[in-house]
Amino acid sequence: MSRQIFPYIADDMSALARALKGEVSRALAANGGEPPGHVELLNMLARAAGCRNFQHFRAQAEARERLENPAPPAAPEPPVDFVKVERIARYFDAEGRLVRWPGKHSDRLPCLWVMWSRLPTRTVLSEPAVNEALKAAHRFGDHVLLRRELVDLGLLVRTPDGREYRRVEQPPPAEARALIRHLSARALP
């Protein structure tokens, strides 16, 4: 394991020296004149700097580091291809139901995200409940295909016996989010 380095900062060197002298005197008296060990010295230095012990000193240093140097921001999302979103939106009717299954795999994925968005969140569903939700969200008559694709893509999980289903909560890709927003706005009366 590599050794972590923590900066040791004392606001008042004189106060630090007095505190250390007292700590060392107490340790010598307690140990019968034997010098303090490594861990004892770490704790003495930490107490002299105003901490309870070395673990407290270490936690303070790590917290200071996290606050002063936060994690780098996440990489920006790729831009949304609104032409593609507009093209994929043609697979849906005015009420936002999927009218036909896209031939291209790259067009199917955003459509499956729309189907995913139509399933209830944080709810255990039976297979008939999933089927009803999918039947209401499409018009081409193959809810089994949609259910299977959602499971295969990892957007829906089911128990091994197929009795219970649950939507997997995760953020949709940018284009799928744009399509979901567009279809939701379009379906409003």
Whichever residue in the range 116-136 is under 18 Å from residue 162 (Cβ atoms) and among the polar types (S, T, N, Q) and, among such residues, is surrounded by the most Cβ atoms within 10 Å (Cβ to Cβ)
131
Touching a strand residue (DSSP E or B) at 6+ places or on another chain (Cβ under 6 Å), of a type outside the set (Lys, Arg) and either surrounded by 15 or more Cβ atoms within 10 Å (Cβ to Cβ) or in a helix (DSSP H, G or I) (or both): is that true of residue 146 in this structure?
no
Residue 9 is checked against (1) under 30 Å from residue 175 (Cβ atoms); (2) out of contact with any strand residue (DSSP E or B) (no Cβ under 9 Å at 6 or more places or on another chain); (3) not polar (S, T, N, Q) and fails just one. What number does that condition carry?
(1)
Note: among 62, 34, 40, just one is over 30 Å from residue 147 (Cα atoms), open to solvent by 70 Å² or more (accessible area, probe 1.4 Å) and in a helix (DSSP H, G or I), namely 40
Quick check on residue 74: is it of a type in the set (A, V, I, L, M, F, W, C), within 31 Å of the chain's Cα centre (by Cα) and surrounded by 10 or more Cβ atoms within 10 Å (Cβ to Cβ)?
no
On the basis of being over 33 Å from the mean Cα position of the chain (by Cα), assigned to a helix (DSSP H, G or I) and among the small types (Gly, Ala, Ser), does residue 46 make the cut?
yes
If you take the residues of the range 1-20 that are among the charged types (D, E, K, R) and assigned to a loop (DSSP other than H, G, I, E, B), which of them is farthest from residue 62 (Cα to Cα)?
12
List every residue pair whose Cβ atoms sit under 9 Å apart, with the two residues 6 or more apart in sequence or on different chains, where the first one lies in the range 64-81 and is on the phi < 0 side of the Ramachandran plot and among the acidic types (Asp, Glu) and the second, anywhere, is surrounded by 11 or more Cβ atoms within 10 Å (Cβ to Cβ) and modelled with pLDDT under 85.
65/6
Can you pull out every residue in the range 147-156 that is closer than 15 Å to residue 134 by Cα and either in contact (Cβ under 8 Å) with a residue 40 or more places away in the chain or under 21 Å from the mean Cα position of the chain (by Cα) (or both)?
149, 155, 156
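The values are calculated or read from the model by the stated rules, or taken from the named source; none is laboratory data. Given the structure is predicted, the values throughout are model-derived calculations rather than measurements. Every residue, glycine among them, receives a Cβ derived from its backbone with ideal geometry; neighbour counts consider all protein chains shown. Side chains included, ligands, DNA and RNA excluded: accessible areas come from the protein's heavy atoms. Shrake-Rupley method; radii C 1.70, N 1.55, O 1.52, S 1.80 Å.
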